1. Looking only at the range 27-49, count every residue that is assigned to a helix (DSSP H, G or I), among the aliphatic types (A, V, I, L, M) and either in contact (Cβ under 8 Å) with a residue 40 or more places away in the chain or surrounded by 19 or more Cβ atoms within 10 Å (Cβ to Cβ) (or both) and tell me the total.
2. Name the residues in the range 242-297 that are without any contact (Cβ under 8 Å) to a residue 12 or more places away in the chain, of a type in the set (A, V, I, L, M, F, W, C) and either part of a loop (DSSP other than H, G, I, E, B) or in contact with an Asp or Glu (Cβ under 8 Å, 6 or more places away or on another chain) (or both), would you?
3. For the range 593-615, give me each residue that is within 24 Å of residue 573 (Cα to Cα), surrounded by 13 or more Cβ atoms within 10 Å (Cβ to Cβ) and not charged (D, E, K, R).
4. Among the residues of the range 6-17, is there at least one that is under 23 Å from residue 105 (Cβ atoms), open to solvent by less than 60 Å² (accessible area, probe 1.4 Å), modelled with pLDDT under 95 and among the β-branched types (Val, Ile, Thr)?
5. Could we say that residue 477 is in contact with a Ser or Thr (Cβ under 9 Å, 6 or more places away or on another chain) and either part of a helix (DSSP H, G or I) or assigned by the TED database to the domain that holds residue 437 (or both) here?
6. Yes or no: the range 482-496 includes at least one residue that is out of contact with any strand residue (DSSP E or B) (no Cβ under 9 Å at 6 or more places or on another chain), open to solvent by 30 Å² or more (accessible area, probe 1.4 Å) and either closer than 24 Å to residue 211 by Cβ or not assigned by the TED database to the domain that holds residue 425 (or both).
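The values are calculated or read from the model by the stated rules, or taken from the named source; none is laboratory data. Predicted model only: the values in this text are computed from it and were never measured. Methodologically, a virtual Cβ is constructed for each residue, glycine included, from the backbone with ideal geometry; neighbour enumeration extends over all protein chains shown. Ligands, DNA and RNA are stripped out before the accessible areas are found, and what is left, the full protein with its side chains, is counted by its heavy atoms. Shrake-Rupley method; radii C 1.70, N 1.55, O 1.52, S 1.80 Å.
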Amino acid sequence: MKKFLPPYTILYLLSVFIITLLYFQVCRSLMLLKFADMARDIPEITLFKAFFIGLRFDVAIACYGIAFAFILMQIPLKIIKALGKYSMLITFSIVFFLLISEIGFFEEYRTRLDYTYFEYFDKPGIVLPMLWQGYPMFKYLTFIALFLFSYLGILHVIEKKLQIFSSQNHTAWFQRVGYAAVCSGLLVIGARGSIGIGQLNWGDAYFSNYTFANQLALNGIYTLIRSTKYELESQRAEQFLDFYDIDQAISTVRQQVTMDHETFSTIQAPLVRFHQFQEPATPYNVVVILLESFAAEHVGILRAEMNLTPEFDALAREGVLFQKFFSTGVRTNRALPSTFCGFPNLPGASIMKRAEGQQYFHSLANMLKPHGYTSLFVYGGDLEFDNMEGFLRNIGFEQFVDETQYDQSQFLTKWGATDEQVFTKANELFRQQKAPFLGAILTLSNHSPYLVPESADFERVDASVKDANILNAFKYSDYALGQFFKLARQETYFKNTIFIVLGDHGEAYKGAEYALNLDRFRVPLLLYAPDILEPGVQRVIGSQVDILPTIMGLLKFDYVHASFGRDLLKLDEDEGFAILASDRQIGIINRSHYLIEDLGVNTLLYNYRVPHRRTINLIGTSEEAQQIAEEMQTTMRSHLQTALYLLKSKKCGDSAQN
């Protein structure tokens, strides 16, 4: 029988394949142990199935990792064989480094690795110190080193034993050719994840109603590769967002966003419309405060479990609070275009970083400039990050404050100035302005590594509480907000200013109910102007694209805009909706239902208002559910397809119409 055994090369690569699969399952087990609280209510059989389904993804990655080495090691030259072997070992070392580091990524985003992993490394000088401060990097790196040492050590021992075995057994050339052909076919099948026409896809991991189990089944390297490929191939996004005839999509959007007293004014830019008011305008100052990661989940007045926001809650009782408000994305670079331009968040790269983002937008700054407004953007970090300053200058902001204009001895992290520093600077600048002005403040402190100044005078969450450092950073952000308003109330500009306070995006602090986690999008929105606005609570659903027309509705200047939003103060509760996007997933939420579409994979519909049924997928359960899904999907798809078309064709605005 020995003469029919595979040659050394095949036996060695088979050993690498098996050991690699075992270590993939070890990584999956580490993920389960780290986030055991998220698996507490998941049946054991479902978790077992997640590991079993995960094998398909593991096999695909293992096959891809071995393929290049397999080809080179068929060449009868030692140096080429060595190149194949060591390139494979280096590849798998990188793979396992990424998979171990993925635990921290999942803790932050509640999703497996995706293109976001690379976005943060635009500025390594900021990100690397942040990681070192915010995470136990020494422990991580030590564990990774031991993990790789054990993996490579086992393979080395196997290699030595196989070399001894192979030296005693020789394989004929035709047998080697036969084994190579069979293994080539198996590698192709394994990499595709299927022997049929269709190949492995993310949707194959979504086998249960438990989001964490579905995420566990995935392989982070698989999701990283697919997400990056999807991101870098711009045509892929266009393909997935090519749902309808574009004129039909635009018509649908026009019908949904048009308010009373609006008329469309140009053919060149299909959404540009003129809004005329019957009442006289008032040139109030406008200050938009975007609070980093200020998730509704931790806001006390929105029924949070802990009282982390006493300052915001006090302001909310004197202002107009929107209880069901959402960010359009899960990063700041998605919030800025939506908030200041009324433009949706598209799958793929942020428009701030796209070349097409450098076109004319009917932004708040551009619309208010003809009425004598100056515009300021106050930030505590690096304005080059995510092309922030380039985009903001393009949409009309005139004055900027960045990290260079603070006392850097008070900085706690590489991100930049503390929230107190930023708010103090903002107040100093606002009181110097000749009214009217548009001010924007973007905070930083509620971000990893979650450090707060020792001098900040607020009651800390006890260190024994889980994630106390994260909770204290959130509470510090609230404290700094309160300190700002103490200063602002003493200034003459205060009584003539409308303050808009909101989170740039939410955060995932616990397990997700849905594949597209609503906690990462739900944020508070507060309109605060005690001398101008009557206090109240609004339950209409809205998102950041609605802020621009809502602000203009308060100022009552006739204006031209191309916003995808509407004035929330003019909508009935059942008229509101929000469209969300994160990587390959898009969603739309209205007063009763939440629809999620994993582009190119599947669509899910939930009735989130019925407690015992809020996580049951309604697709295919009734004609009524199907009709609801189709209507919501048409709205969502039309908005995103139209937005992509306008961006690509440079029709987001018309400067001649402003």
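1. 6
2. Of everything in the range 242-297, just one residue is without any contact (Cβ under 8 Å) to a residue 12 or more places away in the chain, of a type in the set (A, V, I, L, M, F, W, C) and either part of a loop (DSSP other than H, G, I, E, B) or in contact with an Asp or Glu (Cβ under 8 Å, 6 or more places away or on another chain) (or both), namely 267.
3. 593, 594, 595, 596, 604, 605, 606, 607, 608, 615
4. Looking for residues that are under 23 Å from residue 105 (Cβ atoms), open to solvent by less than 60 Å² (accessible area, probe 1.4 Å), modelled with pLDDT under 95 and among the β-branched types (Val, Ile, Thr), one finds none in the range 6-17, hence no.
5. yes
6. Among the residues of the range 482-496, not one is out of contact with any strand residue (DSSP E or B) (no Cβ under 9 Å at 6 or more places or on another chain), open to solvent by 30 Å² or more (accessible area, probe 1.4 Å) and either closer than 24 Å to residue 211 by Cβ or not assigned by the TED database to the domain that holds residue 425 (or both), which makes the answer no.
One line per residue, one yes/no per condition, for (1) touching a Gly at 6+ places or on another chain (Cβ under 6 Å); (2) among the charged types (D, E, K, R):
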residue: 9; (1), (2): no, no
residue: 16; (1), (2): no, no
residue: 25; (1), (2): no, no
residue: 28; (1), (2): yes, yes
residue: 48; (1), (2): no, no
residue: 57; (1), (2): no, no
residue: 63; (1), (2): yes, no
residue: 78; (1), (2): no, yes
residue: 92; (1), (2): yes, no
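For (1) among the aromatic types (Phe, Trp, Tyr); (2) assigned by the TED database to the domain that holds residue 226; (3) out of contact with any Leu (no Cβ under 7 Å at 6 or more places or on another chain); (4) on the phi < 0 side of the Ramachandran plot, each residue gets a yes or a no:
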residue: 37; (1), (2), (3), (4): no, yes, yes, yes
residue: 70; (1), (2), (3), (4): yes, yes, no, yes
residue: 88; (1), (2), (3), (4): no, yes, yes, yes
residue: 94; (1), (2), (3), (4): no, yes, yes, yes
residue: 99; (1), (2), (3), (4): no, yes, yes, yes
residue: 110; (1), (2), (3), (4): no, yes, yes, no
